[in-house]
Amino acid sequence: MCGIVGYIGKRDVAPLLLEGLQRLEYRGYDSAGIVITSPKASGLKMVKAKGRVRDLEAKVPKRFAGTTGIAHTRWATHGAPSDENAHPHLDAEGKVAVVHNGIIDNATELRAKLVADGVEFLSETDTEVLVHLVARSQAVTLEEKVREALRHVEGTYGIAVMHADFSDRIVVARNGSPVVLGIGEKEMFVASDIAALVSHTRQIVTLEDGEMATLKADDFRTYTTEGSRTTATPTTVEWEAESYDMGGHDTYMHKEISEQADAVDRVLRGRIDDRFSTVHLGGLNLDAREARGIRRVKILGCGTSYHAGMIGAQLIEELARIPADAEPASEFRYRNPVVDPDTLYVAVSQSGETYDVLAAVQELKRKGARVLGVVNVVGSAIAREADGGMYVHAGPEVCVVSTKCFTNTVVAFALLSLHLGRIRDLSVSDGKRLIAGLRKLPAQIAEILETEDDIKKIAEEYAGAQSMMFIGRVRGYPVALEASLKLKEISYIHAEAYPASELKHGPLALIEPALPTVAIVPDDELLEKNRAALEEIKARSGRILAVAHREQEKADHTIVVPKNETELDPILMGIPLQLLAYHTALAMGRDIDKPRNLAKSVTVE
């Protein structure tokens, strides 16, 4: 959840690292730090600061030259945000520097042993334990010092290590937290995310769990934590550096909402098969006979990905007539689930590195399950671990909260559902109908985005609410859950989502003029039942904002969205609610791209 960036070469390192930190700030932003050296330097020079990267940049001296360095943006796990708890951390002699993503589970035990041996700690972090373990190693090489330290560590880590006595190299290691090498021309980079690399190189190597690497200016080598050499083949990154710029928007969230029409066009491109009224999904590695043998589908994700999975499960049941459900990955792997060989498991993650999802995938693979990945980042850990899957092609998503990736993930599930349905019992005519609906999505999304000014006015009316309720039935319920999550994530307004049918079973007690309700009211077979729920709210003087295909008489405000095929309507109904959350938070003066206490890639438990 934190960000790592490092460089070794001939260029002035500080500006490169600060630029990389700015691109990674969405991964962690309560403190930041930088440490540098060079072959001619007498030691390490370090600057750290509580706050954002701009606060660190303001503290970096004008004369801060070096050609090797590592830097970090932090999202707190151990110890409150402070200069002392910011990374990098140094040993007592100031020779060893470490930056670390992840959590050391046995840090308390290791700290107690080190304190008993006379080590003085300057921070509350688990990472500082690792620094002292490296420094106290009697091994001859830096690689062996790091390897020896890691033998004592339990937990997850992505680390980069520098040593004043080995100024010609950076040693990195991975276990459960991403580490990516960037291959340059007589220079090498390392980062926790390709976002920090793409403006300098598009040739990358992604480390596997249990793998280490040594970076020198003109070379790199990879090996296991036991010391065995591994073979690393660089791959080419598709995304351009410009993809990470704001492109004239005030925030990344606004930019990413506005990109959704193009993003959906990308996820559809090259996948539709008009001849057989189906879609091509070659990456599934699942032939027709195997697909027909599936007896159940279980979708695993966290947060927004879980909500996308809920919509995906409904689509699979409706179109393929296979029993399907979604479950938080963080709960699944701790309840000792029954793993059925006839069940297809689908792991969903924007980053492809979400720790809870990745750990669930690894447990499923250990038990012999077939797992598909639905991810955005090519070559990510889940993509590599899964038996097959789909990339959602949303493009880089920098804002902490997910918008375009959520939409593209749901569209990807629509494609998967159509694919499975046509293999089984979905008719040619239904296939044609759904393909026509999928093709209409980009233009309909653009139509919704054109109503932004109207949605902004509505959002400003609700910005003073202390709490809001979101309701929807069947297809509308996951939309309500996701809209509720978006609002609370970036506006900090307390929000809850319920099935509309559950109102009378408890939540109706909360209805009053001060508690607005956002209702998802599609024109489907449940329209009249949804209208009955609006009547119940109105009878108790509740304010209502409806998201519907036509004006709703009982609602105080209605956001009208274009009608598509009934199965695909949830894709469109979520988009105006992203704008509602955005403009509510904007009216309240929130830091929209970097909401408090949250980080983009959740690579810790």
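The values are calculated or read from the model by the stated rules, or taken from the named source; none is laboratory data. What you are looking at is a predicted structure, and each value in this text was computed from that prediction instead of being measured. Neighbour counts run over all protein chains shown; Cβ positions are idealised from the backbone, glycine included. Protein only, heavy atoms only, side chains kept; ligands, DNA and RNA dropped before computing areas. Shrake-Rupley method; radii C 1.70, N 1.55, O 1.52, S 1.80 Å.
List of remarks:
- Scanning segment 575-598 for residues that are in a loop (DSSP other than H, G, I, E, B) and either open to solvent by less than 10 Å² (accessible area, probe 1.4 Å) or charged (D, E, K, R) (or both) turns up Arg590, Asp591, Ile592, Asp593, Lys594, Pro595, Arg596.
- Qualifying residues in segment 192-228 (those that are among the hydroxyl-bearing types (Ser, Thr, Tyr), touching a Leu at 6+ places or on another chain (Cβ under 8 Å) and in a loop (DSSP other than H, G, I, E, B)) - the one surrounded by the fewest Cβ atoms within 10 Å (Cβ to Cβ): Thr225
- Segment 57-86: number of residues that are of a type in the set (Ser, Thr, Tyr), farther than 18 Å from Ala107 by Cβ and within 23 Å of the chain's Cα centre (by Cα): 1
- Some residue of segment 410-426 being among the β-branched types (Val, Ile, Thr) and under 17 Å from the mean Cα position of the chain (by Cα): yes
- Residue in segment 322-340 that is over 21 Å from the mean Cα position of the chain (by Cα), within 28 Å of Pro396 (Cα to Cα) and polar (S, T, N, Q) present: no
- When Phe189 is tested against (1) aromatic (Phe, Trp, Tyr); (2) within 26 Å of Ala394 (Cβ to Cβ); (3) open to solvent by 10 Å² or more (accessible area, probe 1.4 Å); (4) assigned to a strand (DSSP E or B), exactly one condition is not met: (3).
- Residue-level analysis places Phe413 among those that are within 28 Å of Lys488 (Cβ to Cβ), buried (at least 19 other Cβ atoms within 10 Å of the Cβ), hydrophobic (A, V, I, L, M, F, W, C) and in contact with a Gly (Cβ under 6 Å, 6 or more places away or on another chain).
- Gly476 meets each of the listed conditions (1) over 20 Å from Val400 (Cα atoms); (2) open to solvent by 10 Å² or more (accessible area, probe 1.4 Å) apart from (2).
- Of the helices (runs of 4 or more DSSP H) lying entirely inside segment 60-179, the ones with 2 or more residues being within 22 Å of Leu17 (Cα to Cα) and open to solvent by less than 20 Å² (accessible area, probe 1.4 Å) are found at 127-136.
So that you can scan it fast, the table gives a plain yes or no per residue for (1) modelled with pLDDT under 95; (2) under 19 Å from Ser137 (Cα atoms):
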{"site": "Val161", "(1), (2)": "no, yes"}
{"site": "Ser167", "(1), (2)": "yes, yes"}
{"site": "Ala173", "(1), (2)": "no, yes"}
{"site": "Phe189", "(1), (2)": "no, no"}
{"site": "Leu197", "(1), (2)": "yes, no"}
{"site": "Ile204", "(1), (2)": "yes, no"}
{"site": "Leu215", "(1), (2)": "no, no"}
{"site": "Asp218", "(1), (2)": "yes, no"}
{"site": "Thr225", "(1), (2)": "yes, yes"}
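- Boolean, Glu567 is open to solvent by 10 Å² or more (accessible area, probe 1.4 Å), over 21 Å from the mean Cα position of the chain (by Cα) and in contact (Cβ under 8 Å) with a residue 60 or more places away in the chain: yes
- Every residue from segment 369-386 that is open to solvent by 30 Å² or more (accessible area, probe 1.4 Å) and either hydroxyl-bearing (Ser, Thr, Tyr) or modelled with pLDDT of 95 or more (or both): Arg370
- Qualifying residues in segment 548-559 (those that are without any contact (Cβ under 8 Å) to a residue 60 or more places away in the chain and assigned to a strand (DSSP E or B)) - the one most open to solvent (accessible area, probe 1.4 Å): Thr558
- Looking only at residues in segment 486-501 that are in contact (Cβ under 8 Å) with a residue 12 or more places away in the chain and open to solvent by 30 Å² or more (accessible area, probe 1.4 Å), the one that is farthest from Cys302 (Cα to Cα) is Ser501.
- Single unsatisfied condition, Gly28 versus (1) surrounded by 18 or more Cβ atoms within 10 Å (Cβ to Cβ); (2) small (Gly, Ala, Ser); (3) farther than 19 Å from Arg169 by Cα; (4) at pLDDT 90 or above: (4)
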